[in-house]
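Colleague: Okay, here's the structure, questions in a sec.
Every number here is computed from the coordinates shown, using simple stated rules; none is lab data. Computed from a predicted structure; not experimentally measured.
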Amino acid sequence: MRIPTVIITGFLGSGKTTLIKRLLDTALSGKKVALIENEIGEVSVDSILLKTANVQISELTAGCMCCTISGDFSNAVSDILETLTPDVLLIETTGIANPISIFMMLANDQRLILDTIMTVADAERLCEHLADNLVAEIQLTICDLVVLNKIDVCSDADIQAAEKAIRQMNERAPIFKTVHGNLPPEIFLASSHRDLRETLHQHIADLKQKYDHDIERRLSQRQTHHDGHHHHHDHTAAESYHLDVDEIQTFAIEISDVVSQRKFELFLADLPRRYYRAKGIINFVEMPNPTVFNFASGRYTFDYDTLAHEPFRETRSSSVLVFIGKRILAERDMIADKLKQCYAFGAAAPDTLR
């Protein structure tokens, strides 16, 4: 049971805390979240659950524990995991921290699985930060996703210059232009490890329902448009309108055949750049039990441990994959075909298994 971990980095004042509060209200609402703030700062301590030499924990919002670390990071992570067992671990680095050392430490920690690295950037001051600080460049180079924040307070020229600068350092990570860190929650695929398969199946059911509604909504909007009536956007329409503008789409695929890990890795490496995230449970012919995979902007991880006690060969349970990206819905069949090419066809003879 490895805990999905998200690193949120970004230069001082870029809006990391606002983004985190937003995530806690949307994508992570209802999850048990441990937030580690890797900096020494003022924390309003509502309830200190755990006081060791390393960690001070306070309740941030419903269900989110905020841990401020002083001292050794890895010991602190251990203290938190032993005390809280969260569904998701969020790590907010200090604005001047080099995230590479944290990244390396997490990558080697068998209890965690790195879900995604997000970097928040202040659109107006990004170029200035880059000119003065190497760490701002490192933060943008290693991330899977850039939140270009505060676009409401700067010119189009500033935004274009910022995007161009980001692209020079990182051509894979999608850039989300936001006000107050308002990311589409879909991008955040953190499912709690305890009931991963149920979560993904539920996700598929929800997606189907959402698209049925979406299609109806668009058809009715066209009707209204033709009748010449104006219709006002209510708040919920405005929220989904944000997705329409970014054209973030998501679909899920279920497959019953076992898959070759080697072929599947080639499939992931070949996914077009507009596929921002993919996650799921996949049955590899090389493995006795299902594997959790996670893909973010070209980087992927496999977690063989979380479902180690769930032998799929007996239960015949299918693989479940969820994809998120820009205007990808029309490609669902094409992706399904490409996945078919990853099938292990009747599996290799047992003696060739790794």
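Colleague: Taking amide H positions as placed 1.01 Å from N in the peptide plane, with prolines and chain starts having none, which residues 5 or more places from residue 344, or on another chain, fall under 5 Å of its amide H?
Modeller: When sequence neighbours closer than 5 places are left aside, the close amide H contacts are 258, 259, 260.
Colleague: Can you list the residues, at least 5 places off or on another chain, whose amide H is less than 5 Å from the amide H of residue 172, using H built in the peptide plane?
Modeller: none
Colleague: Apply the Karplus curve 6.51 cos²θ - 1.76 cosθ + 1.60, θ = phi - 60°, to the phi angles in segment 168-173 and return the couplings in whole Hz, x for Gly and Pro.
Modeller: Each residue's phi maps through the Karplus curve to give 5, 9, 8, 8, 8, 5 Hz.
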